[in-house]
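Remarks on the structure that follows.
The values are calculated or read from the model by the stated rules, or taken from the named source; none is laboratory data. Small disclaimer: the values here were computed from a predicted structure and weren't measured. Heads up, the Cβs are rebuilt from the backbone with ideal geometry, glycines too, and the neighbour counts pull from every protein chain shown.
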């Protein structure tokens with residue numbers, strides 16, 4: 001385990017994450033210094049735990065228990081939809097990228113450990129018991145299960161308005 005992190009390592013991972021984010025319809029925070037500090041946190045957590053635990057959350061060190069906070073975490077997309085940034089503000093919406101809006105503090109939506117363990121024990125018995133609606137890109141057919149469609153399709157880059165609700169969940 002190498003505890004010395006070089007600026008080159010940070011710059012390389014930053015570049016890789018930025019390219020992956022943009023190609024998938026996402027954006028990294030335009031504050032490069034802030035974003036590189038988060039990238040350094042990802043590297044520290046990878047060295048510490050063996051995975052990219054969110055640098056703004058307390059990881060347990062047990063990968064199975066932390067799967068929901070491995071970057072990009074399970075909460076990124078709902079946070080982007082509701083607040084235009086994820087919890088740690090590594091990922092931001094186009095509004096923030098274009099400086100039309102500022103990053104604001106985001107409430108933690110990660111459930112407590114007891115709630116997470118309980119929800120893992122609740123099986124999905126049929127398609128109508130899915131916890132989230134299914135969205136379909138009308139251009140390429142990409143499917144995703146989430147509260148809202150993505151800002152941009154990660155496959156064909158079609159905008160959010162090109163998605164349709166493909167399947168409802170029973171909770172609506």
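Only one of the numbered conditions (1) more than 23 Å from residue 6 (Cα to Cα); (2) in contact with a strand residue (DSSP E or B) (Cβ under 9 Å, 6 or more places away or on another chain); (3) not assigned by TED's automatic domain parsing to the domain that holds residue 143 is not met by residue 99, and that is (2).
Residues that are at pLDDT below 90, touching a strand residue (DSSP E or B) at 6+ places or on another chain (Cβ under 7 Å) and over 17 Å from residue 77 (Cα atoms) within the stretch 136-157 comprise just one, 156. Taken together, the criteria exclude residue 85 from residues that are at pLDDT 85 or above, at positive phi and within 17 Å of the chain's Cα centre (by Cα). Only residues that are surrounded by fewer than 18 Cβ atoms within 10 Å (Cβ to Cβ) and in a helix (DSSP H, G or I) were counted across the stretch 54-73, and they come to 5. Scanning the stretch 10-42 for residues that are in contact with a helix residue (DSSP H, G or I) (Cβ under 6 Å, 6 or more places away or on another chain) and assigned to a helix (DSSP H, G or I) returns 10, 13, 14, 36, 39, 40.
For residue 25, indicate whether it is surrounded by 15 or more Cβ atoms within 10 Å (Cβ to Cβ) and either on the phi > 0 side of the Ramachandran plot or assigned by TED's automatic domain parsing to the domain that holds residue 135 (or both).
Working: surrounded by 15 or more Cβ atoms within 10 Å (Cβ to Cβ): yes; either on the phi > 0 side of the Ramachandran plot or assigned by TED's automatic domain parsing to the domain that holds residue 135 (or both): yes.
Judged against the criteria, residue 25 is a match.
The sole residue among 106, 134 that is in contact (Cβ under 8 Å) with a residue 24 or more places away in the chain and closer than 22 Å to residue 37 by Cα is 106.
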